[in-house]
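Quick notes on the structure that follows.
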Amino acid sequence: MVEYRIDRRSGVATYLQIVQQTRQALRLGLLEPGDKLPTAREVVEATAVNPNTVLKAYRELEREGLVEARRGLGTFVRRSLGGAPADTPLHGELLEWATRARAAGLDREDTAALFAAVLEEKFPQPHAAPEQAVPQPQPPPERTLPQPQSVPHGTTTEGDPA
Amino acid sequence: MTDTAIEAADLTLAYGRRREPALRGCSFRLATGRVCALVGPNGAGKSTLLALAAGLLRPTSGRLAVLGTTPAAARPRVAYVAQDKPLHPGLSVAETLRLGAELNAGSWDAALAAQVAADGELDPGARVRSLSGGQRTRLALALALGKRAELLLLDEPMADLDPLARNRLMGTLMAEAAEHGTTVVMSSHIIGELADACDHLLLVSGGRVRLGGGIDDLVHAHALVTGTGRVADLARHTVVESRATGRGLTALIRTDGPVDPAWDVEEPSLEELLLAHLRAPDAPALITPGTTPTRAVAA
């Protein structure tokens, strides 16, 4: 059973924190297809957030095809997110890179900024368009990830970026 | 059955003829199943509004319906915890809970009341008069939750609880709301502790409702803009508050259509939204659609 940690000062919408932590649990293999997510009641009892926030997060995960709600039974994982198990060789390479960054005199913030810049270059966020879009007050960024909706259980689909 | 928990139309209450009314002309509607933060400065009228909804005060004028009926008739389905947590000082914790059971026979949830009391490590034999402020709060909330009411009216429920107790009790309240669709109205002047738990907001100041509606809707209706323009350039929007920042201007506006791209636009936090409205008492009120009183409320 996953446990959600809500950081009230992160500036990230609460429902999005639940979505991101679920995705993270799927990536790390803490959740696998068939596993049941905690019920809204269990989440709100532990985190003291509004029930609608949890339901909104679960709807978003369902929209992404990651989970499915089964009436009267709960919400279950449909597929896992592949790409970065903790023991991937990429982990070691990144570790090496971080070691070199430290040796080159970069501190934590410099390193994070550099990594974020590369991340943004290779994985641009769909909602952060480069041209200054009409700056309207927007609802919290709803990520629209173009992902296949019908995927056989148990397969990992997100291609390794490498 | 009704989908409206509280509906007020032009609600006014004056405690005496010579005194400024505590509430003047409040109108709003709260749907059932919502968790509503009732916020505002001291003396805004929050406690008066809750006491009216609990049927303990009669309005001077205007109308108020609770769960589709009069506040008095709704009382068996409403639990109200007043700010001073009135309990009988001579009773023990166990006796107080038994009193709750007898007064609410038929709906009493003994397990839930006992669990809320036990979470606070309340000694069942301890007299109410010997309890600390926080322990008394917990016992009062145990009574309110044990009643299994459809509407919980809580006046400053968290004020004298430590952070862990607040978190636990808020969790218990949210679990109730999730499982039973209980409507909750909680007053506070510290918005931070309510922001995550509530989905609805009533901002009261000067006896009036200044903002009312779903928290997301209210936040999205506003924008925090920064730029080198002038206030006059924002005339098509409602400027709630503006101030000079460096060579430019920062303003909290209620948007009407797109904002000129020359301005840097951000979504305000709930706290920024509330503070701006409290600093600008003359800004027009905003009650979002669906949260205005819809029809004639019960007399």
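Bear in mind these aren't lab numbers, they're just calculated from the coordinates by the rules spelled out. Predicted, not measured: the structure shown is a model, and the values here were computed from it. When we count neighbours, we look across all protein chains shown, and the Cβ atoms used for this are built from the backbone with ideal geometry, even at glycine.
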Scan around B:Leu211 for amide H atoms under 5 Å from its own, H built in the peptide plane at 1.01 Å from N, and keep only partners 5 or more places away or cross-chain.
B:Leu203, B:Leu286
Lys, Arg +1 and Asp, Glu -1 on Cβ, resulting dipole of the range B:4-216 about Cα centre, debye, nearest 20
960 debye
Charged-residue dipole, Cβ positions (Lys, Arg, Asp, Glu), the range B:217-286 about Cα centre, Debye nearest 20
300 debye
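For chain B, the longest stretch holding no trypsin sites (Lys or Arg not before Pro) located in a DSSP loop with at most 15 other Cβ atoms within 10 Å is which?
The answer is B:20-229.
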Candidates B:Leu153, B:Leu274, B:Leu143, ranked by Gaussian network fluctuation over chain B, Cα under 10 Å, top entry:
B:Leu274
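Quick one, what does Rg over Rh come out to for the range A:14-77 if you take C-alpha atoms and the Kirkwood Rh? Spell out each step's value before the answer.
Details: Rg = 10.8 Å, Rh = 11.7 Å.
Expressed as Rg/Rh, it is 0.93.
Obtain the radius of gyration and the Kirkwood radius of the protein assembly as shown from its C-alpha atoms and give Rg over Rh.
Working: Rg = 25.4 Å, Rh = 25.0 Å.
Here the Rg-to-Rh quotient is 1.02.
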Treating only the Cβ of Lys, Arg, Asp and Glu as charged (+1, +1, -1, -1), what charge dipole size does the protein assembly as shown show about its Cα centre? Round to the nearest 20 debye.
1900 debye
What list do you get for A:Phe115, B:Phe28 if you sort them by fewest beta carbons within 10 Å?
A:Phe115, B:Phe28
May I ask for the distance between the Cα centers of the range B:181-249 and the range B:58-95, given as a whole number of Å?
30 Å
Under 5 Å between amide hydrogens, which residues at least 5 positions from B:Gly25 or on another chain qualify, with H placed 1.01 Å from N in the peptide plane?
B:Leu11, B:Thr12, B:Leu13
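Kirkwood-based Rg over Rh for the range B:76-136 (C-alpha set), two decimals?
0.94
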Mind telling me which of B:Val78, B:Val185, B:Val239 comes out most flexible in a GNM of chain B, alpha-carbon contacts under 10 Å?
B:Val239
Give me the one-decimal Kirkwood hydrodynamic radius in Å for the range B:217-286, with the sum taken over alpha-carbon pairs.
12.0 Å
For chain B, inverting the pair-averaged 1/r of distinct alpha-carbon atoms gives a Kirkwood value in Å of 20.5 Å
Taking the Cα centre of the protein assembly as shown as the origin and placing charges on Cβ (Lys, Arg +1; Asp, Glu -1), which of B:Gly33, B:Leu270, B:Gly257 is farthest toward the positive end of the dipole?
B:Gly33
